[in-house]
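Heads up, the thing below is written out as structure tokens.
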Amino acid sequence: MDFLNQIGPLALGSRFRRLADRLGQDVALLYKEMELDFEPRWFPVFYLLSRSREPIGVVDISRLLGVSHPAVNQIAGELLDLDLIQALRDDTDKRKRLLALSEKGWDVLPELQNAWERIQITMRGLLNATGVDVMGMLERMENLMDEQGLYGRFIAEQAATHSSPDATGTVIVEYRPGNPVYREAFRRLNLEWIEKYFKVESEDEKVLGDPEREILDNGGAILFAVSHDSLDGQAGSSEQLEAILGTCALIKKEDGTFELSKMAVTEKARGRQIGEQLLAASIEKARKLEAGKLVLETNSQLTAAVNLYRKLGFVLIQDEPEHRSLYQRADTRMRLDL
């Protein structure tokens, strides 16, 4: 008897991976039969590039496919080694790497398209034989995960079970790439805080304008404090945007260091210890990311913030003349060894 089948929903991810492995093995045999030097895992990136006559950035590929930036880079590296694609530089942004099919890639495309047509016909027959709208079910499940992932559902259930009148009434969730509500909330909360005390600087605009590229794609994380009563609402609604009360980011640096940055709590939620909740969650997240230490920059006039950082273990960094902050408002630097 199938052990994973006995486990039930708890093994859903394992069963998806097992099914993907079996499909990949069979597709690999088909490529081999047709004498094509091509791996199933390359298909999404290569196919996407084959549909565009214009080069596509790695970050854009990551977003379009819904996979991580490192995963795209790994596949791109393998395709580059075989000269099936080429890497270009964006004239408007030298940091941005663009990918496109190479001459060799365009040459082998017709043979691959023939293979894909055969695979699609066979796959459609397999799906029809199940008697279930498998593709529709997968799309529905992905949409539900976009609205609220498994982690968010778990936290919401925990909060509903263990909440008390003294609790903050919020739970911590992570930024989900591609969700416009999170992007807008991250920008809105930070602008509200910055404009109250200081002025918006160019580095603020860069990070807040594209947090996925500037933070997530580089191995960082963004957390939100959300009213748990709203977690079963529709993603993208104005109500859910209003329910996001605070945010904080972890920006990956070098040598296992992460910077605690862009921490902001909306004015209407002040006094509910949401800042402390976010800070504690950020420290725990940094540990999970195997950070060796956390650093942060702040302004000495923000005494409440400085005291909060001290309370959770941060200490002032002294005698660091080589460090130059990207922000004019930053005159204090702190560190927490993990």
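One table, with the values for the structure above:
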| read-out | value |
| --- | --- |
| Hits in region 66-84 - residues which are over 17 Å from L101 (Cα atoms) and surrounded by 14 or more Cβ atoms within 10 Å (Cβ to Cβ) | V67, S68, H69, A71 |
| Qualifying residue in region 75-86 (condition: farther than 30 Å from L150 by Cβ and either modelled with pLDDT under 90 or in contact with a Lys or Arg (Cβ under 7 Å, 6 or more places away or on another chain) (or both)) | yes |
| Close pairs (6 angstrom Cβ cut-off, 6 or more residues apart or separate chains): at pLDDT below 80 in region 46-70, in a helix (DSSP H, G or I) and polar (S, T, N, Q) anywhere | H69/S62 |
| Filter result for I222 (among the hydrophobic types (A, V, I, L, M, F, W, C), under 21 Å from the mean Cα position of the chain (by Cα) and at pLDDT 90 or above) | yes |
| Options R118, R89; residue that is assigned to a strand (DSSP E or B) and not hydroxyl-bearing (S, T, Y) | R89 |
| Boolean, D90 is farther than 24 Å from G220 by Cβ and not assigned by TED's automatic domain parsing to the domain that holds R213 | no |
| Residue match in region 276-298 (condition: closer than 22 Å to E205 by Cα, surrounded by fewer than 18 Cβ atoms within 10 Å (Cβ to Cβ) and modelled with pLDDT under 90) | no |
| Test for K293: is it farther than 23 Å from Y197 by Cα, among the charged types (D, E, K, R) and outside the structural domain of E214 (by TED's automatic domain parsing) | yes |
| Candidates G275, G313 - the one that is over 22 Å from L208 (Cα atoms) and not in a strand (DSSP E or B) | G313 |
| Filter result (touching an Asp or Glu at 6+ places or on another chain (Cβ under 7 Å) and crowded, with 16+ Cβ neighbours inside 10 Å) within region 300-329 | L308, Y327 |
| Answer residue from region 239-257, given it is of a type outside the set (V, I, T) and at pLDDT 80 or above and is farthest from L278 (Cα to Cα) among those | K253 |
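The values are calculated or read from the model by the stated rules, or taken from the named source; none is laboratory data. Please read all numbers here as calculations on a predicted model, not as lab measurements. In this analysis, Cβ positions are derived from the backbone assuming ideal geometry, glycine residues included, and neighbour counts consider all displayed protein chains.
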